[in-house]
């Protein structure tokens, strides 16, 4: 009754009951609702972040819990078993991969320090010798106007004056800052786990509540199930793409080291492969971030090596864009690039790095909600007459322009005269009557 009084009515179309949104709500309430949602999200963004992460975790783990409940386990025991298993898996993988990554990262740091360190009995560091060799090559090819040696020597001198250890210490400081942030985030992590556990325990009740608000149509599709499938499909596809890119990058760098293009690169292949795997999660700029560290380290070794590394990553990401993503991801996301860019920028504005990582999963879930509601909610059509702005069911109609008022006829014509007729006025004739004879 309340909906009917507000002008929201149901319409039977092709066997599906649709909720019709009247025009005044489209013009007034919908824009105000969007503004209110944005202001509310900005005001309580931390709480929303915690609940969004918890919801994503709960949606991803719910299929596992559901399968365990089919084995005669209570839902509480199933949730506990899933969380303990996931915690053991995360700790084990982190310990295994983290050890290798830290060792190879330290090896890269030692190599960089060695490039700018003058060995006993030597007059120049390896970096200065490489700059000299590059300048001689330019001079031999009639490019002596390019003073690489002067710029290179100045750069090496600045680094040596400040000390390589200073730059290394800065990197360690950044690492410590990140570690401190992680430690302070443990409280948020515990909160996320607690909220997600409550969501998993009450998942059947939440599902029934969603079905009451958004009942399934004749097609039998349920909103909660569709959102869960969309999120799982996206996460699975993104994980496969990241692993393929990371493994490809690691193998390519190892091959460059084994064939002698980049001697010793096989010792860093796992580190750079793991880095490419992680950065691939970030849309658009992730591939660039994944390629920068190996290119920079290769540039310190030799400029030509850096060119080879850049070409290898270019080939990998061309393969990703034309083969891997279309085949693996398919329609898992199915959003326009502008929507993705806006989602990433909005997520960054609200939650920083966490917002960047959450943008695409939320877009995947929002796409499923949009598909579900689009079949059940329609906007009341606007009049099609007149000149209007049409878009997404909205048409602004201009009223027809009224005719100009006609001049009043004189009550009586002058003696011997005659009043002009309408045709004469319409042709632009003189409105004054000619005097009679």
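Values quoted throughout were computed directly from the atomic coordinates according to the rules given, and no laboratory measurement underlies them. This one's a predicted model, so the numbers in the text were calculated from it and none came from an experiment. Ideal geometry is used to build each Cβ from the backbone, glycine not excepted, and the neighbour counts take in all protein chains shown.
Odds and ends about this structure:
- Proxy reagent accessibility, fewest Cβ within 10 Å first, across 234, 268, 284, 198: 284, 198, 234, 268
- Remark: the Cα gyration tensor places the range 216-379 in the prolate category, a/c being 1.5 or greater and a/b exceeding b/c.
- Taking packing as the residue-averaged number of other Cβ atoms within 10 angstrom, the listed peptides 333-346, 34-47 run from highest to lowest as 333-346, 34-47.
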